[in-house]
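The values are calculated or read from the model by the stated rules, or taken from the named source; none is laboratory data. Just so we're clear, the structure is a prediction, and the values are computed from it rather than from any experiment. Cβ placement follows ideal geometry from the backbone for every residue including glycine, while neighbour counts extend to all protein chains displayed. These area figures cover heavy atoms from the full protein model, side chains too; ligands, DNA and RNA do not enter into them. Shrake-Rupley method; radii C 1.70, N 1.55, O 1.52, S 1.80 Å.
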Amino acid sequence: MKKNLLSLCLSLSLLAAAPAVVNAAQNDANTAPAISSQTLRNLSWTPLVPPVTQDVTLGTSSAQINQGQIQGAVGAFALPADRGSLEITLTSIATGKTVYAPNVLVLDEQMRPAAFYPSSYFPYQKPGIVSSDRLEGTLKLTPALGQKQIYLLVYTTRQDLSETTQMVNPAKAFAAGVGNAVPDIPDPIARHTPTGTLSLKVTAEQKTGNVMIGQIFPSSAPAAAAPVVVGSTQATAPAAAPAKPSEPMLSDSETYFNDAIKKAVKAGDVDKALKLLDEAERLGSKTARKTFIESVKH
């Protein structure tokens with residue numbers, strides 16, 4: 001373990017001048033439809049406090065957004081930002097031959113777009129013994145420090161409503177599940193609708209997720225980067241190097257990151273320490289890398 005850590009230190013020293021790379025698929029954030037801030041603030045946001053599983057029916061009486069590409073009923077949820085990383089499994093359950101194709105826009109505490117998950121991120125899942133036909137995907141988010149809550153907006157689009165989902169005939173799924181010969185029968189096709197049934201399962205943990213939501217030090221940090229797009233309707237674009245901060249990090253911020261890096265290394269969570277190192281250097285730290293290297297040596 002010590003040998004591996006020392007090798008890692010050497011690699012870090014050699015790459016000291018290299019820009020950090022975001023470990024998430026990124027596309028042009030403009031792929032997310034624009035929503036006015038007034039529309040967002042007028043929504044009634046349902047609180048979800050993990051661990052929780054929430055079933056939601058989006059019907060004709062639910063909140064609606066018909067703005068630009070967005071069309072139909074929406075789900076609006078507020079999640080705590082002080083519980084560590086959040087893992088959110090979003091399921092859209094097929095009813096008969098219809099299904100709601102979800103898109104998810106994640107907003108920080110100030111309701112600024114921070115991450116976008118298009119409907120392609122929620123692929124079809126065939127039915128199982130205790131599950132039905134569904135569209136499903138899992139989001140892993142890490143709220144930045146200093147926020148009280150972040151927001152999750154679920155909606156569908158005009159483009160989604162023009163499309164369909166090829167499902168698996170239940171008889172085929174059952175036969176495959178029990179090891180019988182799969183019958184040669186047609187599969188049903190579900191049309192996409194502006195209403196539907198959702199299920200959200202939310203858990204929290206202290207380990208870092210893969211998408212940072214909001215800025216750690218809004219008063220001293222540089223302008224927020226463009227929203228991260230996870231999942232794609234286009235070919236994945238290479239991650240862009242973060243902009244170099246225009247001024248050094250404040251001493252209080254340096255101390256915070258250095259202490260956090262030391263604690264993470266001492267606890268054996270090198271992955272967390274590396275994420276802290278990357279974030280510190282993005283914000284202008286001049287001592288975080290040295291702190292990390294010294295910590296893993298001892």
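Rank these by accessible area, largest first, 1.4 Å probe: 37, 131.
37, 131
Excluding residue 71 itself, what net charge comes from residues whose Cβ is under 13 Å from its Cβ, given Lys and Arg +1 and Asp and Glu -1?
-1
From zero outward in steps of 5 Å, how is the percent of C-alpha pairs of the range 137-181 spread across the bins?
Distribution as computed: 5, 11, 12, 11, 12, 12, 13, 11, 7, 5, 2, 0 percent.
Order these peptides, 141-150, 184-193, by their mean beta-carbon neighbour count within 10 angstrom, highest first.
141-150, 184-193
Taking every pair of distinct Cα atoms and averaging 1/r, then inverting, what Kirkwood hydrodynamic radius in Å comes out for the range 161-201?
Evaluated over the range 161-201, this radius sits at 12.3 Å.
Report P(r) for the range 23-137: all Cα-Cα distances, bin width 10 Å, range 0 to the bin holding the largest distance, values in whole percent.
11, 41, 39, 9, 0
Note the direction-averaged projected area, equal to a quarter of the hull surface, for the Cα convex hull of the range 76-166, in nm².
Numbers: hull surface 26.5 nm².
Over every viewing direction, the Cα hull of the range 76-166 projects on average to 6.6 nm².
Residue separation times 0.36 nm, minus the C-alpha to C-alpha distance between residue 132 and residue 187: what's the value?
18.4 nm
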